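The structure appears right after this line, and notes come after that.
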Amino acid sequence: MSYTTILIQKEAATAIVIINRPNKLNALNKETISELQNAFSDLQKDKNIKAIVLTGSGEKAFVAGADISEFSDYSVKEGRKLAAKGQKKLFDFIENLSTPVIAAVNGFALGGGLELAMACHFRVASDNAKMGLPEVSLGLIPGYGGTQRLPQLVGKGRALEMIMTAGMITAEQAHSYGLVNHVTTQEELLPLCHKIIAKITNNSSVAIAHAIKAVNAGFKNTVNGYEQEIEAFGACFGTDDFTEGTTAFLEKRKASFPGS
Ligand code: COA
C-alpha cells in the first residue's frame, strides 16, 4: 500500500513506521491517523515482521499533537466522535497489537503525540525530546487515552501536574518518571531500538503476544476512565474556552480564557 503522510521501512524482521509531516511537526491529521491504522493492521498480519518502531521524521518532532487546524470548529458531537474513533481504531489498537511496538521519541511528543507514544508497548527517547499533554492550554483535555495511560506510567500526582500545568518535561525527567525506558542521542536512537529488538526477536513471538495480552489485561479496570475521557473531551468542544484556545493557537497569540 502506498501512503502520503507516513513512510514504512522494513529492515529484516523490523518495520520502522515514520510519521512524515515535518513541516507541521508531524501533527496527526485525519489522513495520518487513517494511514497509521492501515499500516499497523497490515504489519500485524505480516508474519515476517517481529517488531515495529514508530518515530517521527526530521530532527525536531516525534509528533506535536493532533492537528489543531482540523478540529478548531468541531461541535460537542464531533469532538466526542474524534476521541472515540481515534482511541478505538488507532491508540487501543496499537496497545493491543500482538507485535511489539517501540516508540522512538525523537523530539516533541505533545498531546496526541505523547498519547501515541504511550499507546506503544514502551518508549526510548533522544536527549532533545520534550514531552507533555498541553491540551488544557487549548481549553481541551487529552482525548486519545492520555488521562488513563499517563497516570498508569508515571503515577497520578505526576500525571495531574503535567496535565494541569500543560508543561513539557525533558527526556531525562521522563526517564526518571519511568515514562521512557532509555535516553540516548538522536544518532543512537534507532540503533538502540535495533539492539533491543535483537533481544526481543530471540524469544518466542507467540509467547510475547500472550505476555502483551496478559499485561494489558491488568489495566482493563480503567475502561470506564476511557469512556469518561471521551465524554469530557467532547464536552470541551461546547465551551468558549475551547474556541479561544484553538483560535489563539492558530492566530499565534496567547489565549485569554473567558472561563466558561
Ligand atoms: N497542530 C497543527 N499544526 C501544528 C501543531 C499541531 N498540534 N504543532 C505544530 N504545528 C505547526 C505550526 O502551526 C507551524 O505551522 P506553520 O509553519 O504553517 O505556521 C509548524 O507546525 C511549526 O510549528 P511552530 O509552532 O512554528 O514551531 P515552534 O518550534 O515555534 O514550536 C511547538 C514548537 C511544539 C512548541 C509548537 O508548535 C506547539 O505548541 N504546538 C502545539 C502543541 C500542542 O498544543 N499539541 C496538542 C494538540 S491537542
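In the set Lys89, Lys77, Lys60, only one residue is touching a strand residue (DSSP E or B) at 6+ places or on another chain (Cβ under 8 Å) and open to solvent by 50 Å² or more (accessible area, probe 1.4 Å); that residue is Lys60.
State all residues of segment 106-140 that are of a type in the set (Val, Ile, Thr) and touching a residue at least 40 places away in the same chain (Cβ under 8 Å); if no residue qualifies, say none. Walk me through how you get there before you give the answer.
To start, the set of residues in segment 106-140 that are of a type in the set (Val, Ile, Thr) comprises 124, 136.
Scanning segment 106-140 gives a single hit, Val124.
Could you tell me whether Glu161 is open to solvent by 40 Å² or more (accessible area, probe 1.4 Å), out of contact with any strand residue (DSSP E or B) (no Cβ under 8 Å at 6 or more places or on another chain) and either outside any helix (DSSP H, G or I) or in the same structural domain as Asp73 (by TED's automatic domain parsing) (or both)? So Glu161 fits the description; yes.
Could you check segment 161-214 and list, in sequence order, the residues that are under 30 Å from Asp46 (Cβ atoms) and acidic (Asp, Glu)? If the condition is that a residue be under 30 Å from Asp46 (Cβ atoms) and acidic (Asp, Glu), then Glu187, Glu188 are the ones that fit. Output yes when any residue across segment 4-22 is within 13 Å of the ligand (Cβ to nearest atom) and open to solvent by 50 Å² or more (accessible area, probe 1.4 Å), and no when none is. Yes, because at least one residue in segment 4-22 is within 13 Å of the ligand (Cβ to nearest atom) and open to solvent by 50 Å² or more (accessible area, probe 1.4 Å). Among the residues of segment 94-147, the ones that are touching a Ser or Thr at 6+ places or on another chain (Cβ under 6 Å) and of a type in the set (A, V, I, L, M, F, W, C) come to 2 in all.
The set of residues in segment 191-235 that are closer than 17 Å to Ala84 by Cβ and open to solvent by 50 Å² or more (accessible area, probe 1.4 Å) comprises Val223, Asn224, Glu227, Gln228, Glu231, Ala235.
Scanning segment 120-138 for residues that are more than 21 Å from His194 (Cβ to Cβ) and either out of contact with any strand residue (DSSP E or B) (no Cβ under 8 Å at 6 or more places or on another chain) or surrounded by 24 or more Cβ atoms within 10 Å (Cβ to Cβ) (or both) yields Met131, Leu133, Glu135, Val136, Ser137, Leu138.
The values are calculated or read from the model by the stated rules, or taken from the named source; none is laboratory data. Because the structure is a prediction, the values reported are computed rather than measured. Cβ coordinates were reconstructed from backbone atoms using ideal geometry, including for glycine residues, and neighbour counts include every protein chain displayed. Heads up: the accessible areas ignore ligands, DNA and RNA and are worked out on the full protein's heavy atoms, side chains in. Shrake-Rupley method; radii C 1.70, N 1.55, O 1.52, S 1.80 Å.
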